[in-house]
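These notes are about the structure you will find just below.
Readers should treat all values here as calculations from the given coordinates under stated rules, not as data from a laboratory. Keep in mind that what you see is a predicted model, and the values were worked out from it rather than measured. Please note: Cβ atoms are built from the backbone with ideal geometry, for glycine as well, and neighbour counts cover all protein chains shown.
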Amino acid sequence: MTTPVDTTARRLSATANQIASRPHLAFTFISILYFAVTLGLAHVKPLWNDELFTYYIARRPGMRGVWDALLTGAEQLPPLFYAITKASAGIFGYTHTGLRLPEILGFWLMSASLYAIARRFASAPYAILAAVFPLITGAFDYAYEARPYGLVLGFCGVALWCWFEATEGPRRSLAIVGLAGSLAAALTCHYYAILAFLPFAAGEAVRFWRRRHLDLPVLAAFLIALAPLPFLFPLLKAAHAYAATFWARPHWGGMAGFYQSVLYPSELLLYAAPLALAVHILMRYEGAGGAERRSPISNSGLVVLLGFALLPAAAIILAKMITHAYTDRHALIAVIGLTGVLVWALSRIASNRPAPALLLILLSVVLFIAQSARAYRNLASSAAAYEHTLRFLNENSDGRPVVIHDPHLFLELSALRNGRSGTDLLYIFDRDRALAYTDTDDVELGLIALKPWAPLHMERFDDFVVRKSPILVYGYPAVFGWIVPELQRDHWRFIVSAHNGEQLLFLAEPPVTGR
C-alpha cells in the first residue's frame, strides 16, 4: 500500500534528479534570489559606525588622501579595500548600495567558488547546497556591509578554487596565477586574511608527505601573495599603536563563541530532522543510478577545508600573541571551510543521492527568505528610529546644542543630520577619561582622527566644563559612553527634560560654586 510519505518521497526524488540534470539553472536561480534580497537589505540598512569610517575615508581625495588617513591608525585596514570602494562609489555614487556593492559581489563570488569546489567531489545538488549554506549563517550579515569582510570571503573562495585547480585540475598555470592574485587581494583588503595561508600550508604539507617533493610553483604563488606586506609596514605600525587598548580583546572562549554566533545553532538544528528523514526514507526509492559518481576529495583537499574550518583557533592565538584584537568577523573565512566540510560529509552520508540535498536546499532557501524578511523589517525600523530621534531632538532642544553621550550614536546621527538644519549635535572627548571609564580609548581616538574629514562638532572635555554652562545630554547609558558618570562625579545635577521611548533627554546643570 502506497502511503502519502511514499508518494512525497518519490516526487521529491524525481524533482531532485531533474535539478541534478540542470545544476547551472538552479545556481542561477539562487544567484538571482541572492542579489534581489541583498540589494534590498543594502538599500534599507543605515550606515553604522564602522561603515561611516569607510564612507568618510573613501571620500578623501585620491588614494594619497586615503593612505594619509590610514596612517593615523584610527582605521586598521590595508588600502585595496578603499581602492575598490572608491571605484564602486565613483560609478554608483556614495550611496548605501554604491558603497556596499563590492561586498555583495564578493560574498556571491565565495558562494560561486564553493559551488565549483563542491562539484569536484559531490553531485550537483550538494554543490548547490554549498552555494546556499553560507546565506543562512552569520557571515551573510557582512554581504551587505561596507567593510572588507565580504571581499575577503570572495577572494579566499577564489583562492581555494584556484588551489584545487592548481593541484588537481587541468588549468594549472592559470590557477597558480589566480591563487597568488586572490590571496594578495585578500591580504591587502584585511590583515587578518593572513590566516588563509595556514590551511593551504597544511594542505601542501600533506601533498609533500605523499609525493616526497615540494610543489615549487604553488609555494611561489604563496610568496608572491605575501609580497605586498613590506609596503604595508607603515600602516601596520600605525594600526598596532591602537592594539594595547583595543575595544575587543581576545579570550579563549571566543572559539566556541565564533561557531555559536556564525552557525546560529538554534535555527540550524532544524537540519537534523530532515536530514535523518531524507537519508532513512528517500534513499529507499533511488536505485544505484540515482547517485552521481564523483571523484573523492583528496586527503590534502580535505585537510585544507578542515584548516579553514578551524581558523578561529588560529585567529585567537594570533590575537593573543601579536595583534591583541579579535572579533568573530576576523575569522569569518572559516565559513568557507565549515561549508566545504559539511557538504562533503552530507554527500558521503547520503552516497551523493540528490534527494537529501534537495530537501536541505529547500529548507535553506526557506530559512534564508525568513531571516532576510526579519532583517529587512529590523533595518527599516532602525532607519526610522534614527529619523525619529533627530526629530525628537529638534523638537525638545529649544535651539540648544545636545551632547550625545554615546560616541557611536553621535557619529551615526551626525552623518544623518549632515546638510540638514536642526539641533547642533556635540560630542565631548577626552582620551584619558574614556580609557578610565570604558577600559579602551580606541573609539575616542577614532572620532578624534575622523574629525578633520567628517562633519563632527567635537570639543575637549576640559574646554567644555570650564564654561560651567547647563547642557542637554542624550544617549545614556552606552557601552563606550563616559560623559554622564564623569559629570556626576563632578556633582553636576541631571534633570529629565523629555523622553524618546526608553531614551531620556537630560538637562545637566553644573554645581553651584558660591553665591
Value at 222 nm in deg cm²/dmol, rounded to 500, when DSSP H runs of n ≥ 4 in the chain each add -39,500 (n - 2.57): -20000 deg cm²/dmol
What share of all Cα pairs of region 323-435, in percent, falls into each consecutive 5 Å distance bin? 2, 8, 11, 12, 11, 11, 10, 9, 8, 6, 6, 4, 2, 1, 0
Relative contact order, percent, the chain [alpha-carbon distance under 8 Å, six or more residues apart]: 18 percent
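How much net charge surrounds residue 174 when only other residues with a Cβ under 15 Å from its Cβ are counted (Lys, Arg +1; Asp, Glu -1)?
0
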Using per-residue counts of other Cβ atoms within 10 Å, averaged over each peptide, order 151-161, 249-259, 351-361 from highest down. 151-161, 351-361, 249-259
DSSP-defined beta bridges in region 397-509 - what % are antiparallel, rounded to 5: 60 percent
Nearest-20 debye value, the chain charge dipole, Cβ charges on Lys, Arg, Asp, Glu: 1600 debye
Taking the dipole of the chain about the Cα centre (Lys, Arg +1; Asp, Glu -1; charges at Cβ), the one of 106, 343, 474 that reaches farthest to the positive side is 343
Hey, what did region 397-509 get for relative contact order, percent, Cα under 8 Å, at least 6 apart? 32 percent
Tell me, how many Å apart are the Cα centres for region 426-503 and for region 90-138? 41 Å
Please list, in order, the residues from region 217-234 whose amide nitrogen is less than 14 Å from a point placed 7 Å along the Cα→Cβ vector of residue 63. 228-229, 231-232
Straight-distance crosslink candidates among lysines, where the alpha carbon sits under 29 Å from residue 45 and sequence neighbours closer than 8 are dropped: 86, 451
Only four residue types carry charge here, +1 at the Cβ of Lys and Arg and -1 at the Cβ of Asp and Glu. Report the dipole size of region 397-509 about the Cα centre in Debye, rounded to the nearest 20. 360 debye
How big is the Kirkwood radius of region 472-515, worked out from every pair of different alpha carbons and given in Å to one decimal? 11.2 Å
What is the extension gain from residue 216 to residue 490, computed as 0.36 nm multiplied by their sequence separation minus the C-alpha to C-alpha distance, in nm to one decimal? 92.0 nm
Taking N as the number of residues in region 397-509, what value does Rg over Cα atoms divided by 2.2 N^0.38 Å take? 1.00
Sort 182-192, 166-176 by the packing proxy (mean of other Cβ within 10 Å over each peptide's residues), most packed first. 182-192, 166-176
Over 18 Å, how big is the tail of the calculated P(r) for region 99-196, in percent of all Cα pairs? 46 percent
Name the residues whose placed amide hydrogens come within less than 5 Å of the amide hydrogen of residue 493, ignoring near sequence neighbours (fewer than 5 apart) on the same chain. 509
Which ³J(HN,Hα) values, rounded to whole Hz and listed in residue order, are derived for region 96-105 from phi using the Karplus coefficients 6.51, -1.76 and 1.60 in 6.51 cos²θ - 1.76 cosθ + 1.60 with θ = phi - 60°, glycine and proline given as x? 4, 6, x, 6, 9, 4, x, 6, 4, 5
May I ask you to order 240-246, 195-201 by the average number of other C-beta atoms within 10 Å around their residues, highest value first? 195-201, 240-246
Positive-pole candidate from 193, 405, 354, dipole of the chain, charges at beta carbon: 354
Would you mind getting the Kirkwood hydrodynamic radius of region 99-144 from its Cα pairs, rounded to one decimal in Å? 10.8 Å
Counting sequence-distant residues (5 or more places) and residues on other chains, those with an amide H built under 5 Å from that of residue 504 are 475, 476
Mind checking which of 305, 138, 176 is farthest towards the positive end of the chain's charge dipole, using Cβ charges of +1 (Lys, Arg) and -1 (Asp, Glu) about the Cα centre? 176
Separation in nanometres of the label points that stand 7 Å from Cα toward Cβ, at residue 370 and residue 382: 2.2 nm
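What is the calculated FRET efficiency for residue 509 to residue 233, with r their C-beta to C-beta distance and R₀ = 60 Å, to the nearest 0.05?
That gives a FRET efficiency of 0.75.
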